[in-house]
Amino acid sequence: MDRFQSLQIYVAVAEEEGFAAAARRLGISPPAVTRAVASLEEHLGVKLLNRTTRYVRATEAGLRYLDDARQILARLEAADEAALGINTDPRGHLSVTAPILFGRKFVMPGIVDYLQRYPGTEVDAVFLDRVINLLEEGLDVGVRIGELPDSSIRALKVGEVRMVVVASPAYIAAHGTPSDPQDLREHTIVASSAGNFAAAWRFHPSLGEHPLRIQPRLKVTTNDAALAAAVEGFGITRLISYQAVSELECGHLQLLLQEFEPPPLPVHIVHREGRFASARVRTFIDLLAERLRGEPSLQ
């Protein structure tokens, strides 16, 4: 078995976290997959995968090798595409991740557009309110909101959003308008545990570095649940600005404490393939970036 095929098999096993699943993905037998990985580990003299009866996971060395293997395969694919001509339509599988509400509002329309333009492609959409490691979870493209701590990630800025505090007109009429973040202690608070911004409510740096400690009366696990509770007039909640655009425009919610908002958060499209990104990745990023940069709620 040639080295490129061995790399393809290893990448499939690491991404699928299983030999049988990798075999199904590649259309070969499970024993052939097992032999290929064992031969690769023997050749390298390094254990690439931890195997138990419950899961298969890449070791630390295996994760590094996985990243390198993906880049090698991407370069080979790019060479094939160049030989076929730059007008060749993208083909193959693409996996995309984004926060839940952002994915539903902005990324899914882009995915549908992409699939309709390029019939030879297929997409897995993974929408979760947590940061996903693209390498460890085998994903091609992601959308991230906030600063990027990982300098190895290739990132393209496509907009920015704000952290906003909102409540319904009915709640404000009944309980008054807070004029300072400290006033929130006297109000009914709805807090979502989703995302990276749930642990504390931070306001403008001029108010100090310490986040405001709140005591929510209602805790929910999703941002759309917090949004729904606020629209119903139950209390005050904090969201990312794009999550409440429709409700603010139609008057179901109102902005509070705008003068105390923290600085905007950048929105990036991220991937790991660098300048050797495959045609399907490059084309999707170009399409999604154009759509997001034209979205008024992200400017």
Of the residues in the stretch 54-66 that are over 19 Å from residue 5 (Cβ atoms) and of a type outside the set (A, V, I, L, M, F, W, C), the one that is surrounded by the most Cβ atoms within 10 Å (Cβ to Cβ) is 59
Determine whether residue 292 is modelled with pLDDT of 90 or more, under 20 Å from residue 162 (Cβ atoms) and open to solvent by less than 50 Å² (accessible area, probe 1.4 Å).
yes
So, of the residues in the stretch 290-299 that are in a loop (DSSP other than H, G, I, E, B) and under 30 Å from residue 119 (Cα atoms), which turns out to be farthest from the chain's Cα centre (by Cα)?
294
Which is open to solvent by less than 30 Å² (accessible area, probe 1.4 Å), at negative phi, among the hydrophobic types (A, V, I, L, M, F, W, C) and in contact with a Ser or Thr (Cβ under 9 Å, 6 or more places away or on another chain), of 32, 14, 23?
23
Restricting to the stretch 240-289, and then to whatever is among the small types (Gly, Ala, Ser) and out of contact with any Asp or Glu (no Cβ under 6 Å at 6 or more places or on another chain), can you tell me which residue is modelled with the lowest pLDDT?
274
Tally up the residues in the stretch 244-289 that are assigned to a helix (DSSP H, G or I), open to solvent by 70 Å² or more (accessible area, probe 1.4 Å) and within 26 Å of residue 169 (Cβ to Cβ), please.
3
Identify, please: which residue in the stretch 214-232 is open to solvent by 70 Å² or more (accessible area, probe 1.4 Å) and in contact with a strand residue (DSSP E or B) (Cβ under 8 Å, 6 or more places away or on another chain) and is, among those, modelled with the lowest pLDDT?
215
For residue 228, which of the numbered conditions (1) in a helix (DSSP H, G or I); (2) more than 26 Å from residue 267 (Cα to Cα) fails to hold?
(2)
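The values are calculated or read from the model by the stated rules, or taken from the named source; none is laboratory data. Quick caveat: nothing in here was measured; it's all calculated off a predicted structure. As a convention, Cβ positions derive from the backbone with ideal geometry for all residues, glycine included, and neighbour counts pool all protein chains shown. Keep in mind that these areas ignore ligands, DNA and RNA; they rest on the heavy atoms of the full protein, side chains included. Shrake-Rupley method; radii C 1.70, N 1.55, O 1.52, S 1.80 Å.
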